[in-house]
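The values are calculated or read from the model by the stated rules, or taken from the named source; none is laboratory data. As the structure is a computational prediction, the values presented were derived from the model and not from experiment. Here Cβ is always computed from backbone atoms with ideal geometry, including for glycine, and neighbour counts include all displayed protein chains. Just so you know, the surface numbers come from the protein's heavy atoms only, side chains and all, with ligands and any DNA or RNA stripped out. Shrake-Rupley method; radii C 1.70, N 1.55, O 1.52, S 1.80 Å.
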Amino acid sequence: MTENPKSTFMWQEYAVNHTGICVGYYPLVLFQDISRFGQCGRVDYYDTLPIIHPHADVFEKTTKQIYSKLRKWEQEEEFRIAKTYEENVGNDGDERKAQIPISGFAEVILGANMSLEIKTEIRTLIEAILPRVPLKQARIAEDNKIEIVEVE
């Protein structure tokens, strides 16, 4: 996740050159149920990744693994939420899925280069599934910065 929905880098890299969507969440709702996610925090960026000592406590090891990235990714301004397990859990089990309540969705932002057909399809889905969630549109301003406006 990123804390910055106006990041040109994120829209280009992770939303297929501004054709995808960005979903905003209410953090307090996400963490009301402690079983949904176990931890959260900002990613720390380093020139070289920190060494994880084999004898470090589990919390230190896990924190360094989850919240450390190389500085070349700093423009992501990443924030991560994670859930850790005492035992190995398969990649496709239901215990790895987090159910986010409808009240946890703050907004859905459509990419600046999204086709009209896809916009219409997403708008229909949002109105049916998340009727009170604002639908917004990203626009690329003349200075190449992202603006977020309400969809009319």
| request: For segment 113-152, name all the residues that are within 20 Å of Asn17 (Cα to Cα), open to solvent by 30 Å² or more (accessible area, probe 1.4 Å) and assigned to a loop (DSSP other than H, G, I, E, B). | output: Asn113, Ser115, Glu142, Asp143, Asn144, Lys145, Val151
| field | Out of Glu107, Glu121, sole residue that is in contact with a Pro (Cβ under 6 Å, 6 or more places away or on another chain) and of a type in the set (D, E, K, R) | value | Glu107
| query | Does any residue of segment 109-127 turn out to be of a type in the set (Val, Ile, Thr) and at pLDDT below 90? | reply | no
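Looking at segment 36-65, which of its residues are among the small types (Gly, Ala, Ser) and within 27 Å of Tyr26 (Cβ to Cβ)?
Listed by number, the residues that qualify are Gly38, Gly41.
Taking the condition out of contact with any Gly (no Cβ under 9 Å at 6 or more places or on another chain), surrounded by 12 or more Cβ atoms within 10 Å (Cβ to Cβ) and farther than 25 Å from Gln12 by Cα, does Pro101 pass?
Against the criterion (out of contact with any Gly (no Cβ under 9 Å at 6 or more places or on another chain), surrounded by 12 or more Cβ atoms within 10 Å (Cβ to Cβ) and farther than 25 Å from Gln12 by Cα), Pro101 qualifies.
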| message | Return the pair list, or none, for Cβ contacts closer than 8 Å from residues in segment 14-36 that are open to solvent by less than 70 Å² (accessible area, probe 1.4 Å) and modelled with pLDDT under 90 to residues that are of a type in the set (Gly, Ala, Ser) and not in a helix (DSSP H, G or I), at least 6 apart or on different chains. | response | Arg36/Ala98
| message | Consider segment 56-75. How many of its residues are part of a loop (DSSP other than H, G, I, E, B) and either modelled with pLDDT under 90 or among the aliphatic types (A, V, I, L, M) (or both)? | response | 2
| Of all residues in segment 1-49 being within 22 Å of Lys69 (Cα to Cα) and of a type in the set (D, E, K, R), which is nearest to the chain's Cα centre (by Cα)? | Glu3
